[in-house]
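The values are calculated or read from the model by the stated rules, or taken from the named source; none is laboratory data. The structure displayed is predicted, hence computed values, not measured ones. Here the Cβ is made from the backbone with ideal geometry for all residues, glycine too, and neighbour counts use every protein chain on show.
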Amino acid sequence: MKADEQQLPFFSFSKVFTNTKRFVDQYNLKTPNLKSRLNAGHRATAELITRLYIKQLNKAIQLGDNFSNGLPPFTSYNPSLASCKGCTVRTIINHKERLKASGFIIKEEHRGKSGIALWINPIIFSLPEKKNVKIDCKVKKF
């Protein structure tokens with residue numbers, strides 16, 4: 001590592017997607033009732049939520065947040081999620097209900113005009129990895 005680089009933590013998309021897939025597969029294995037299992041649509045919704053959540057978390061890390069009080073909730077809007085996924089708002093609501101029943105989403109809070117806040121099961125998120133980031137150390141003279 002060079003003198004002008006610093007190690008910043010970040011959340012890895014690949015690790016979180018692997019954890020998401022593992023969570024869904026393990027849940028489906030222990031759920032005997034076929035209608036209660038998570039299907040491909042539920043998994044796609046879970047992956048969409050985690051992808052957008054990782055973006056929020058990595059942006060917060062870049063802005064200096066170290067999450068000393070734990071991870072914040074994922075914040076969004078049901079219509080935005082539906083638009084991203086190409087489905088109806090009702091489908092997103094139904095998928096979130098099934099994801100809550102599975103334990104993937106551990107808490108949901110409706111915040112009126114501020115949208116929704118979702119707390120995702122912490123086993124989905126590994127500890128952040130270190131990533132080399134080049135920091136410009138040039139001092140401007142006035």
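Of the set (1) at pLDDT below 95; (2) outside any loop (DSSP other than H, G, I, E, B); (3) not β-branched (Val, Ile, Thr), all apply to Ala82 but (1).
Looking at the range 87-142, the strands (runs of 3 or more DSSP E) lying wholly inside it that each contain 1 or more residues that are modelled with pLDDT of 65 or more and within 20 Å of Thr20 (Cα to Cα) sit at 105-110, 116-120. When Lys30, Lys55, Lys96 are screened for being closer than 20 Å to Ile124 by Cα, in contact with a strand residue (DSSP E or B) (Cβ under 8 Å, 6 or more places away or on another chain) and either surrounded by fewer than 16 Cβ atoms within 10 Å (Cβ to Cβ) or of a type in the set (D, E, K, R) (or both), only Lys96 passes.
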